[in-house]
Amino acid sequence: MAERSSTMKTPLNKALAQRRSKRRYSRRSCGEGTYLGYTSGRQTVLKIPTSRKKPKSRDITNQVDPDQVALLVKKEWHLSYVTPLYQFRYTMLKTYSKELSAFLVSEKQQGQTIETGQELCFKVNISVVLGLAETNQDAETIYIQILSKQVFAAKDEAQKVVWSGLLTCINGDVDYLRSLPPEFVSLPLLCTSGPESLSALVKSWLKKTFDCCFGPICITSTNLQWLAALWTGCHPTKNIQYLKLAWTIPTQPPMDVTYKVNPQDVWKLWDSARLDDGAEDSINIEEVNSFIRGLQTHFFRHFRLDLSAGSLMRVSTALGSAHHSGKIKITSPDYMTTVLQLLTECALLKMPI
């Protein structure tokens, strides 16, 4: 399997394709296709916490407990969708914590393999992350933390965190959320960090307790392009340090291409891709397409390899990274809600009707 990499100057004036007028698409039902594949109508315009001339970050620590924010960043999360939870009650989080803890201990005693060593004592903390919700229709985010201690550990030895989970809904589709019966709570995006065996057990408990089901989320090539554009747009205030893209080209054998771009060059390309009549606090699909075409055009000029024939598999900057397989790491809290908004849309789109 071959791999090529390039660090180069990005074209500033020639690489932009002809700009088309902006289009707007109404929200469609889950599962319906568009010319953008798995991209829904909401993703033709994505709100971002930056302006075109003077980018501004949204410091969520002003409205979210900084200690809780610290639990969310710098972890690699695996993504799943979750159907609405039946009879979920925020007033019963302590009860749910005890029930999940007892469930894990029971499964361990019955011989269930859990990839955390010889721990037998599990403690579960289920809490609310207040301040992440963007609209009145969004349910408050739930954070699940599993702690454990070795069987023969000293009494004063602290428990260690062995698994973390996040159930969230950021800027969920309003029509869909309003259509749900009152006994259902929609937290469509599940992010998990920890052993897969524990993830499977937590999902099993959630399924039995709230009559929900799960499925994997793959981050499509189009959504990876959104993230590349979003993180690039953050450069003037947060310094993305680099933009690294990885494509898979359908040759025989398949070819992996790694493409690394200087941050100043990629920022200038993104700034030139912005539409003159575009909203300053949002980006749209035309701008994203123009930005990616500019990168692909320059690569073709140097290597005579058409990246548009392949699939974008990974995006990485100092602000975060995402992989097609459904893994993501967010290292800056300033743009967390925007990324979670995009992932919420992905989860709602993948959810069965």
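Students often check this: by mean Cβ neighbours within 10 Å, which of 286-298, 129-141 ranks highest, and how do the rest follow?
Numbers: 286-298: 21.4, 129-141: 17.0.
Per-residue mean Cβ counts within 10 Å order the peptides as 286-298, 129-141.
The length gained by stretching the chain between residue 302 and residue 125 to full extension, at 0.36 nm per residue less their Cα-Cα distance, is 58.4 nm.
Put simply, the amide H of residue 132, placed in the peptide plane, has neighbours under 5 Å in 141, leaving out anything fewer than 5 places away on its chain. Karplus-derived 3J(HN,Hα) values for segment 127-142, using 6.51 cos²θ - 1.76 cosθ + 1.60 with θ = phi - 60°, are 9, 9, 9, 6, x, 7, 4, 9, 10, 5, 7, 6, 6, 5, 5, 10 Hz; glycine and proline are entered as x. For segment 292-353, averaging the sequence separation of C-alpha pairs within contact (under 8 Å, six or more residues apart) and dividing by the residue count gives a relative contact order of 14 percent. For residue 121, the residues whose modelled amide H falls within less than 5 Å of its own, excluding neighbours fewer than 5 places apart on the same chain, are 149. Close amide-amide hydrogen proximity is noted between residue 138 and no other residue 5 or more places distant or on a separate chain, at a cut-off under 5 Å (H modeled in the peptide plane; Pro and chain starts excluded).
Taken as Cα centroids, segment 300-350 and segment 58-87 sit 18 Å apart, rounded to the nearest whole angstrom. What the Cα convex hull of segment 202-353 gives, in volume per residue, is 148 Å³.
When the dipole is taken about the Cα centre of segment 84-212, and only Lys, Arg (+1) and Asp, Glu (-1) are charged at their Cβ, what size is it in debye, to the nearest 20? Write down the numbers at each step before the final one.
Details: 12 positive and 14 negative charges, 96 e Å.
Charge dipole, segment 84-212, about its Cα centre: 460 debye, nearest 20.
Working note: Karplus 6.51/-1.76/1.60 with θ = phi - 60° gives segment 72-84 the couplings 9, 8, 6, 10, 8, 9, 9, 9, 9, 9, 9, 6, x Hz, where Gly and Pro are set to x. Phi angles across segment 286-303 convert, under the Karplus curve 6.51 cos²θ - 1.76 cosθ + 1.60 with θ = phi - 60°, into 3J(HN,Hα) values of 4, 5, 5, 4, 5, 4, 5, 4, x, 5, 5, 5, 5, 5, 5, 4, 8, 10 Hz, Gly and Pro given as x.
Below 8 Å, C-alpha to C-alpha, sequence gap of six or more: please give me the relative contact order for segment 84-212 in percent. Could you put the intermediate results ahead of the total?
Numbers: 212 pairs, mean separation 38.3, N = 129.
So the answer I get is 30 percent.
In terms of the mean number of neighbouring beta-carbon atoms within 10 Å, the peptides 79-91, 249-261 order highest first as 79-91, 249-261. In loop segments of segment 149-237 as defined by DSSP, the GluC sites (Glu not before Pro) with at most 13 further C-beta atoms inside 10 Å of their C-beta are 157, 183. Per residue, the convex hull around the alpha carbon atoms of segment 158-241 comes to 198 Å³. Label separation (residue 106 vs residue 282): 4.8 nm, computed from points 7 Å beyond Cα along the C-beta direction.
If I model segment 84-212 as equal point scatterers sitting on the Cα atoms and use the Debye formula, what is log10 I(q)/I(0) at q = 0.14 Å⁻¹? Computed log10 I(q)/I(0) values: -0.65.
All of the numbers you see were taken from the coordinates with simple rules; none came from a lab. Given the structure is predicted, the values throughout are model-derived calculations rather than measurements. Methodologically, a virtual Cβ is constructed for each residue, glycine included, from the backbone with ideal geometry; neighbour enumeration extends over all protein chains shown.
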